[in-house]
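First up is the structure itself, then whatever we jot down about it.
The values are calculated or read from the model by the stated rules, or taken from the named source; none is laboratory data. What you see is a predicted model, and the numbers here were worked out from it, not measured in a lab. Don't worry about glycine lacking a Cβ; one is built from the backbone with ideal geometry, like all the others, and counts go over all protein chains shown.
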Amino acid sequence: MTQDELKAMVGRAALEQVVPGQIVGVGTGSTVNHFIDALATMKDRIPGAVSSSEASTARLQAHGIPVFDCNDVGEIAVYIDGADEIDPAGHMIKGGGAALTREKIVAAQSRRFVCIADASKLVDRLGAFPLPVEVIPMAAQRIVRQFAALGGQATLRLKDGQPLVTDNGQHLLDVRGLAINDPLGFESEVNQWPGVVTVGVFAHQKAQLCLLGTPEGVRSLRFD
Ligand code: 5RP
């Protein structure tokens with residue numbers, strides 16, 4: 001099976017995690033796009049969704065699925081999103097699709113995080129995937145130097161030759177060369193650097209369940 005077929009398989013499998021009658025939290029990315037397309041088949045059984053990006057909002061609305069603002073809903077039963085890496089404890093690196101800040105906000109508002117990913121995303125230790133960090137533009141070069149002091153090489157993410165601007169109007173760094181041995185401690189430390197909006201380590205908002213797409217079928221990893 002191709003990687004995209006594995007993503008489609010877990011996107012469909014995630015439908016079983018959606019609670020009928022309840023708003024569902026929806027992440028961002030190619031795996032989630034498959035989930036959104038599958039969700040359209042049960043749109044009459046949910047009031048709608050809370051979305052983590054403009055891209056997912058557009059796709060949900062194109063399917064006729066109502067999208068609510070976080071501020072207009074209470075606790076969300078389940079948040080379904082992909083990951084760039086996930087470790088055996090359910091900690092993740094996210095933000096390859098530049099949506100990490102809104103993803104972390106929706107995850108924090110949700111009772112459960114269900115990660116959907118193809119098998120290539122499961123790693124022993126986080127850090128091979130370049131770590132996305134959303135930053136306030138005026139702080140970017142100081143934060144680059146702070147990562148250099150930890151042994152990381154941070155570069156500004158570009159789009160069409162210009163700094164990529166996130167849905168929140170900020171910039172993104174991608175940090176290579178980090179070995180993240182203590183995801184909780186690392187996330188806590190980087191979060192308090194002035195100018196960091198969101199670090200793409202999801203340890204405080206880790207997954208409770210991962211539906212992993214493998215050639216043998218969907219593997220369920222539980223982390224509670
Ligand atoms: C977007 C994300 C995505 O969940 C992550 O990049 C995985 O994407 P894909 O499903 O396309 O492999 O964090 O910000």
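If you check every pair at least six apart or on different chains, which have Cβ atoms under 8 Å apart with a residue in segment 73-98 that is within 6 Å of the ligand (Cβ to nearest atom) first and a residue that is part of a strand (DSSP E or B) and among the β-branched types (V, I, T) second?
Once the first residue is within 6 Å of the ligand (Cβ to nearest atom) and sits in segment 73-98, its partners that are part of a strand (DSSP E or B) and among the β-branched types (V, I, T) give D81/V26; D81/V114; D81/I116; G82/I116; A83/I93; D84/I93; G95/V133; G95/T198.
If the requirement is being under 22 Å from S120 (Cβ atoms) and either within 16 Å of the ligand (Cβ to nearest atom) or not assigned by TED's automatic domain parsing to the domain that holds G95 (or both), which of these qualifies: V32, V24?
V32
This table checks each residue for (1) of a type in the set (V, I, T); (2) closer than 16 Å to K104 by Cα.
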residue: Q141; (1), (2): no, no
residue: Q153; (1), (2): no, no
residue: R157; (1), (2): no, no
residue: P163; (1), (2): no, no
residue: H171; (1), (2): no, no
residue: A179; (1), (2): no, no
residue: G185; (1), (2): no, no
residue: V197; (1), (2): yes, yes
residue: A203; (1), (2): no, yes
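Would you mind finding the one in R112, R102 that is in the same structural domain as L209 (by TED's automatic domain parsing), touching a residue at least 60 places away in the same chain (Cβ under 8 Å) and more than 9 Å from the chain's Cα centre (by Cα)?
Answer to the check: R112.
Restricting to segment 136-152, name every residue that is part of a helix (DSSP H, G or I) and either exposed (fewer than 15 other Cβ atoms within 10 Å of the Cβ) or modelled with pLDDT under 95 (or both).
P137, M138, Q141, R142, R145, A148, A149, listed by residue number.
Condition first: in a helix (DSSP H, G or I) and more than 14 Å from the ligand (Cβ to nearest atom). Now tell me which residues in segment 102-135 satisfy that.
A108
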